[in-house]
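**Q** Just passing along the structure, written as structure tokens.
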Amino acid sequence: MLADSKESLPPGPSVSPPPRSRPLKVSPHSAQEIFGCDPLGRPRLHYGHDYVTAPGEELVLDRVTELVWQRAGSPDPLEWPEAGHYVALLNATDHGGFNRWRIPTVNELFTLLDPFNFGEDDCIDAVFDCSMRWLWSCDRRSFASAWYVDTELGFAGWGDFTCRYHVRAV
């Protein structure tokens, strides 16, 4: 089980400071400062990765950030309010042996991204399900919209709550 392997593995290189984990309401004018991105919504900082997976498990541990992720995520794209219900279901069923799942922040989703390279694959490691290209964050833009991260092109954008994106819980 991945939870057991986390304790038995030597620690990976640490991130200082760790990515923000609390949800915020972020205006487009504040996004560059809060998310640490350029004017196009691309992260200015790219984390190194040290992923650990157990065979047959649906979880991925990043030893750099010490975050445990779902390898895939929601089977279908969801509206933002449905994303919260999906995560509540993960917690109610102790998905992967954990019951503290949540929707990640933009800053946490940015830790999954590799720099964009024209003509190459997505901006996310192949250890993850790459078919889930747009991922909801817990960060809101307004009372009716929230931020997401595009893992194909490597940027943060926003959509209203009725847009349908996947959720990869952390």
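**Q** Only one of Ala92, Ala83 is among the hydrophobic types (A, V, I, L, M, F, W, C), farther than 15 Å from Thr151 by Cβ and open to solvent by 70 Å² or more (accessible area, probe 1.4 Å). Can you tell me which?
**A** Ala92
**Q** Given (1) more than 14 Å from the chain's Cα centre (by Cα); (2) in contact (Cβ under 8 Å) with a residue 24 or more places away in the chain, identify the lone condition not met by His85.
**A** (2)
**Q** For residues in the stretch 69-80 being touching a helix residue (DSSP H, G or I) at 6+ places or on another chain (Cβ under 8 Å) and open to solvent by less than 20 Å² (accessible area, probe 1.4 Å), which is farthest from Thr162 (Cα to Cα)?
**A** So, considering only residues that are touching a helix residue (DSSP H, G or I) at 6+ places or on another chain (Cβ under 8 Å) and open to solvent by less than 20 Å² (accessible area, probe 1.4 Å), the one farthest from Thr162 (Cα to Cα) is Gln70.
**Q** Name, by its number, the condition in (1) at pLDDT 90 or above; (2) open to solvent by less than 70 Å² (accessible area, probe 1.4 Å); (3) acidic (Asp, Glu) that does not hold for Glu66.
**A** Condition (2) is where Glu66 drops out.
**Q** Here's another thing I want to ask about it. Just to be sure I understand, how many residues within the stretch 157-166 are among the aromatic types (Phe, Trp, Tyr) and either farther than 13 Å from Glu82 by Cα or not in a strand (DSSP E or B) (or both)?
**A** The qualifying residues number 2.
**Q** Right, another one. If Pro81 passes every condition in (1) outside any loop (DSSP other than H, G, I, E, B); (2) modelled with pLDDT under 95 but one, which one does it miss?
**A** The failed condition is (2).
**Q** Filter the stretch 95-117 down to residues that are over 16 Å from Leu135 (Cβ atoms) and part of a helix (DSSP H, G or I) and give me whichever is least open to solvent (accessible area, probe 1.4 Å).
**A** Gly96
**Q** Residues being among the aliphatic types (A, V, I, L, M) and within 14 Å of the chain's Cα centre (by Cα): count how many of those fall in the stretch 69-82. Walk me through it before giving the result.
**A** First pass over the stretch 69-82, keeping only residues among the aliphatic types (A, V, I, L, M): 72, 78.
Of the ones still in play, those that are also within 14 Å of the chain's Cα centre (by Cα) are 72.
Residues flagged as among the aliphatic types (A, V, I, L, M) and within 14 Å of the chain's Cα centre (by Cα) within the stretch 69-82 amount to 1.
**Q** Suppose we keep only residues that are open to solvent by less than 30 Å² (accessible area, probe 1.4 Å) and small (Gly, Ala, Ser) within the stretch 29-62. Which one would you say is farthest from Gly159 (Cα to Cα)?
**A** Only one residue tops the list, namely Ala54.
**Q** A further question follows. Count, please, the residues in the stretch 157-167 that happen to be open to solvent by 50 Å² or more (accessible area, probe 1.4 Å) and out of contact with any Leu (no Cβ under 8 Å at 6 or more places or on another chain).
**A** Looking only at that region, the number is 3.
**Q** Hey, another quick one. Give the residues of the stretch 135-156 that are out of contact with any strand residue (DSSP E or B) (no Cβ under 6 Å at 6 or more places or on another chain), surrounded by fewer than 23 Cβ atoms within 10 Å (Cβ to Cβ) and either part of a strand (DSSP E or B) or touching a residue at least 12 places away in the same chain (Cβ under 8 Å) (or both), sorted by residue number.
**A** Ser142, Glu152, Leu153, Phe155
**Q** Is it the case, given these coordinates, that Ser142 is of a type in the set (Ser, Thr, Tyr) and closer than 20 Å to Tyr51 by Cβ?
**A** Spelling it out, it is not the case that Ser142 is of a type in the set (Ser, Thr, Tyr) and closer than 20 Å to Tyr51 by Cβ.
**Q** Here is a follow-up. So how many residues does the stretch 52-68 have that are in a strand (DSSP E or B) and within 14 Å of the chain's Cα centre (by Cα)?
**A** Within the stretch 52-68, residues that are in a strand (DSSP E or B) and within 14 Å of the chain's Cα centre (by Cα) number 6.
The values are calculated or read from the model by the stated rules, or taken from the named source; none is laboratory data. Since we're looking at a predicted model, the values are computed, not measured. For neighbour counting, all protein chains shown are included, and Cβ atoms are generated from backbone atoms with ideal geometry for every residue, glycine included. The area values use the complete protein model at the heavy-atom level, side chains included, leaving out ligands, DNA and RNA. Shrake-Rupley method; radii C 1.70, N 1.55, O 1.52, S 1.80 Å.
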